[in-house]
1. Select from the range 172-189 the residues that are touching a strand residue (DSSP E or B) at 6+ places or on another chain (Cβ under 7 Å) and closer than 15 Å to residue 78 by Cβ and list them in ascending order.
2. Taking the stated definitions as given, is residue 256 modelled with pLDDT of 90 or more, surrounded by 12 or more Cβ atoms within 10 Å (Cβ to Cβ) and over 22 Å from residue 209 (Cβ atoms)?
3. Condition first: free of Cβ contacts under 8 Å to residues at least 24 places away in the same chain and more than 19 Å from residue 159 (Cβ to Cβ). Now tell me which residues in the range 247-281 satisfy that.
4. Show me the helices (runs of 4 or more DSSP H) found entirely inside the range 76-194 where at least 3 residues are outside the structural domain of residue 255 (by TED's automatic domain parsing) and modelled with pLDDT of 95 or more.
5. Residue 201 fails exactly one of the following numbered conditions: (1) closer than 21 Å to residue 280 by Cβ; (2) not in a loop (DSSP other than H, G, I, E, B). What is the number of that condition?
6. Just checking, does the range 222-244 include any residue being surrounded by fewer than 18 Cβ atoms within 10 Å (Cβ to Cβ) and in contact (Cβ under 8 Å) with a residue 60 or more places away in the chain?
7. Only one of these conditions is not met by residue 284: (1) within 24 Å of residue 223 (Cβ to Cβ); (2) out of contact with any helix residue (DSSP H, G or I) (no Cβ under 6 Å at 6 or more places or on another chain). Which number is it?
């Protein structure tokens, strides 16, 4: 597999800075970027470039975060592996691209070769990132029909808004916190650091969903707003308590976003059904991506 490197230069025809992107299929792509911007802005330009494969853009994102992720994990405070995303074929080909967002994982990949690449002096960050992305994709295509309430609810939403997806798991799963701590929600002392590490906003730009359902509950609204903006959450209707169901604005996107309670409690199943009704109402008739 070719090395993924960014080579800056100046386009001689117009004097515009550019980077050369090496993709997973061996191509070289010249991406023009505006004058006088920093590396973060260049990376953002790459992340939004449709010429670069989605997984390459995700890998670039995670590579930029990796030093800070590694610093957090090396505290030996019981953090899990970071939940890194990989686009699946079922999601890419879905009529309605759905992403479901939870709170944090539960003991996600505590052990594995990725830890050697993180902690060993000979470790390779790219290897660790590729391994974690592959583990994510392998996990997601497993049969989650009998899994916890979160995945049952996600399958229920997928089937309702995209009947053509059949029995395939066509949604992608993200979380507000990229890691768990000892299999649970991280201690509050780490919340701000994890908010700073969150790749969620950029992941959504890269993955371009049509629908995003945050099954995070009102208690995580502060963290959701930290990721997507302080004005991200709005009531759905004067008749519906926003603690249970609210709109979520996805920055730079026309995607339908909703926040509902976490479905771990069967009594919250009603809000999954209400979210489905709103999504079906908002999707244009004869929706065609």
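The values are calculated or read from the model by the stated rules, or taken from the named source; none is laboratory data. If you're wondering where the values come from, they're calculated on a predicted model, not measured in any experiment. No Cβ is skipped: glycine too gets one built from the backbone with ideal geometry, and neighbour counts run over all protein chains shown.
1. Step one: list which residues in the range 172-189 are touching a strand residue (DSSP E or B) at 6+ places or on another chain (Cβ under 7 Å), which gives 172-176, 179, 181, 187.
Those that are touching a strand residue (DSSP E or B) at 6+ places or on another chain (Cβ under 7 Å) and closer than 15 Å to residue 78 by Cβ: 179, 181, 187.
2. Working: modelled with pLDDT of 90 or more: yes; surrounded by 12 or more Cβ atoms within 10 Å (Cβ to Cβ): yes; over 22 Å from residue 209 (Cβ atoms): no.
Spelling it out, it is not the case that residue 256 is modelled with pLDDT of 90 or more, surrounded by 12 or more Cβ atoms within 10 Å (Cβ to Cβ) and over 22 Å from residue 209 (Cβ atoms).
3. Across the range 247-281, the qualifying residues are 247, 249, 254, 267.
4. Values: elements: 89-93, 113-119, 125-140, 149-161.
Helices (runs of 4 or more DSSP H) meeting the threshold: none at all.
5. Among (1) closer than 21 Å to residue 280 by Cβ; (2) not in a loop (DSSP other than H, G, I, E, B), the lone unmet condition for residue 201 is (1).
6. First pass over the range 222-244, keeping only residues surrounded by fewer than 18 Cβ atoms within 10 Å (Cβ to Cβ): 222, 225, 229-231, 234-244.
Next, from what is left, pick out any that are in contact (Cβ under 8 Å) with a residue 60 or more places away in the chain: none.
Within the range 222-244, not a single residue is surrounded by fewer than 18 Cβ atoms within 10 Å (Cβ to Cβ) and in contact (Cβ under 8 Å) with a residue 60 or more places away in the chain.
7. For residue 284, the exception is condition (1).
One line per residue, one yes/no per condition, for (1) exposed (fewer than 13 other Cβ atoms within 10 Å of the Cβ); (2) farther than 21 Å from residue 58 by Cβ; (3) under 12 Å from the mean Cα position of the chain (by Cα):
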{"residue": "176", "(1), (2), (3)": "no, no, yes"}
{"residue": "186", "(1), (2), (3)": "no, yes, no"}
{"residue": "193", "(1), (2), (3)": "no, yes, no"}
{"residue": "196", "(1), (2), (3)": "yes, no, no"}
